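Throughout, read-outs are computed from the coordinates displayed, never taken from laboratory work. Remember, predicted model here, so these are calculated numbers, not experimental data. Cβ sites come from the backbone with ideal geometry, for glycine too, and all protein chains shown count toward neighbours.
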Amino acid sequence: MTVESADHRAIGQISPALLEDWLRERYFTLPVDISSSGVENYSLGRLRELLGIPQDALDEIAFRDSPSVGSRELREVIARRFGDGRPDSVMVTHGSTEALFLALAAIVRPGDEIVVLHPVYHSLHSIAEVLGARLRVWRLDPADGFAPDLDRLRDLLSDRTRAVLVNFPHNPTGATLPPASYAEFLRLIAMRECYLLWDGAFSELVYDGDPLPDPRVFLDRAISVGTLSKAYGLPGLRVGWCLAPPDLLATMVKVRDYVSISTSPLAEFLATAVLTNGDKIVAERLGQARLNREILRGWAAGTQDAIDLAVPLGGVCAFPAVRGVTDVHEICDALESLGVLVVPGVCFGHPDRMRIGFGGPTEVMSAGLRAITQVIRGQV
């Protein structure tokens, strides 16, 4: 595979985040949202009810700065739930987006070879690109249902590989690695002196087996990031985390001193309560997503003459193609006129597809799917 030439630019010249550009206004104005990659949002009242948080506990929080890597209590909870139990390997961040940015800023040097997925969420290629990396693209083939092909990855790895960036379960397709393939994937990474940057935003949203264990358990040079925005239904809390070697976290803190300094003690308090009771918080929304996935599967079967869908194995978004259509933009515009929000596939480099989110309220998703059927059948 051809290696794309490095192009070290000012950070302000980073490629536009096409997904965010599409959602920026529509997300707040269209009533039927089936675009999102997270589950139905929790309210503070529902959280307090589920977790037994008294009002007094919130009232006592002082709005002072938090430690640069986050509160000790939250880092301990994250280390127990996702890592090796060592809080010194954990950093609390403003969502996984900040974690990805800081980690890449710490490891990428101009000219480094970085393996990235395609299609993929923009943060998992554009940041490395603007930092001067030479991107080697691990393509997920629609003909294979976007299943990760380890032979293709093997051909991309070399002694010049600095890092491999992946997110499984995958955004936008819902593809993931089966356990046996995951073990082989880790073995391939371990054979090289490179980092693995693992975006685990959807790691707890799986349907046909147990979540894959965090790679930090197996690889010293693994960096994994997570967030409360997806499986936990708390995107507005803006809490994420990074599990990484402590020396790398020290470099990330140095960069962070110029960006965000620290996270909020209120957000950290709530995040600690949420992750202490993580199974309870995730289970309610995972059950809803499982039901919605079956509705989505049935809808795709009923429209298979027009819709080509690889059923997602994880996450809460699907990436169907519309048969015979090379660019779904007009379809997305027609849906917008009906008050329905989806994401055109051009945001992920596949203009014949659209991203559909199925993690929200069942009645909203069903209404959105009915609207898609009407549009593709020419009934509006």
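Once you've got the GNM for the chain with C-alpha springs shorter than 10 Å, pick whichever of Leu50, Leu30, Leu131 has the biggest mean-square fluctuation.
Between Leu50, Leu30, Leu131, it is Leu50 that shows the largest mean-square fluctuation.
Suppose every Lys and Arg Cβ carries +1 and every Asp and Glu Cβ carries -1, with no other charges. What dipole size does the chain come out with about its Cα centre, to the nearest 20 debye? Before the final figure, lay out each step's value.
Working: 37 positive and 48 negative charges, 47 e Å.
Result for the chain is approximately 220 debye, rounded to the nearest 20.
Can you pull the one-decimal nm distance between simple spin-label points at Asp144 and Arg377, each 7 Å off the Cα toward Cβ?
Taking the simple label geometry, Asp144 and Arg377 are separated by 3.6 nm.
For Arg355, what residues show an amide H to amide H distance below 5 Å, using hydrogens built from the backbone and excluding near sequence neighbours?
Val343, Gly345
Mind giving me the FRET efficiency for Arg46 and Asn277? R0 is 22 Å, r the Cβ-Cβ distance, nearest 0.05 is fine.
Efficiency, from the Cβ-Cβ distance: 0.95.
May I ask you to give the average projected area over all directions of the convex hull of the Cα atoms of the stretch 227-380, in nm² rounded to one decimal?
The number I arrive at for the stretch 227-380 is 11.8 nm².
If I build a Gaussian network model for the chain, linking alpha-carbon pairs within less than 10 angstrom, which residue out of Ala180, Ala334, Ala367 has the largest mean-square fluctuation?
Most flexible of the set in this elastic network: Ala180.
Using amide H atoms built 1.01 Å from N in the peptide plane, name the residues 5+ places from Ile307, or on other chains, whose amide H lies under 5 Å from its own.
Here Arg323 satisfy the definition.
In a shell of Cβ-Cβ distance under 12 Å around Pro312, excluding Pro312 itself, what net charge do Lys and Arg (+1) and Asp and Glu (-1) give?
+2
Return the sequence-ordered ³J(HN,Hα) values of the stretch 116-125 in whole Hz as given by the Karplus equation 6.51 cos²θ - 1.76 cosθ + 1.60 applied to θ = phi - 60°, using x for Gly and Pro.
10, 7, 8, x, 6, 4, 4, 5, 8, 9
Before rounding to the nearest 500, sum -39500 (n - 2.57) across all DSSP H runs of length at least 4 in the chain and divide by the residue total; then give [θ] at 222 nm in deg cm²/dmol.
Numbers: 13 runs with 142 residues, N = 380.
Calculated from helices alone, the mean residue ellipticity at 222 nm is -11500 deg cm²/dmol.
First obtain the Kirkwood hydrodynamic radius of the stretch 94-155 from its Cα pairs, then insert it into the Stokes-Einstein equation at 20 °C and 1.002 mPa s, and state the resulting D in µm² per second as a whole number.
For these conditions, the coefficient is 171 µm²/s.
Give me the Kirkwood hydrodynamic radius of the chain, using the inverse of the mean 1/r over all pairs of distinct Cα atoms, in Å to one decimal.
When all Cα pairs of the chain are included, the Kirkwood radius is 21.4 Å.
If exposed means no more than 15 neighbouring beta carbons inside 10 Å and the site is in a DSSP loop, what's the longest run of the chain without any exposed trypsin sites (Lys or Arg not before Pro)? Intermediate values should be presented prior to the final figure.
On the way: sites that count: Arg9, Arg64, Arg160, Arg323, Arg377.
In short, 161-322.
Let me know the charge dipole size of the stretch 126-176 about its Cα centre in debye, to the nearest 20, where only the beta-carbon of Lys, Arg (+1) and Asp, Glu (-1) is charged.
Values: 7 positive and 7 negative charges, 50 e Å.
Here the stretch 126-176 has a charge dipole of around 240 debye.
At 25 °C and 0.890 mPa s, grab the translational diffusion coefficient of the stretch 60-279 from Stokes-Einstein with a Kirkwood Rh over Cα pairs, rounded to a whole number in µm² per second.
Roughly 140 µm²/s, to the nearest whole number.
Please check the chain for the longest run free of GluC sites (Glu not before Pro) that are loop-located per DSSP (anything but H, G, I, E, B) and have at most 16 other Cβ atoms within 10 Å.
Result for the longest clean stretch: 194-380.
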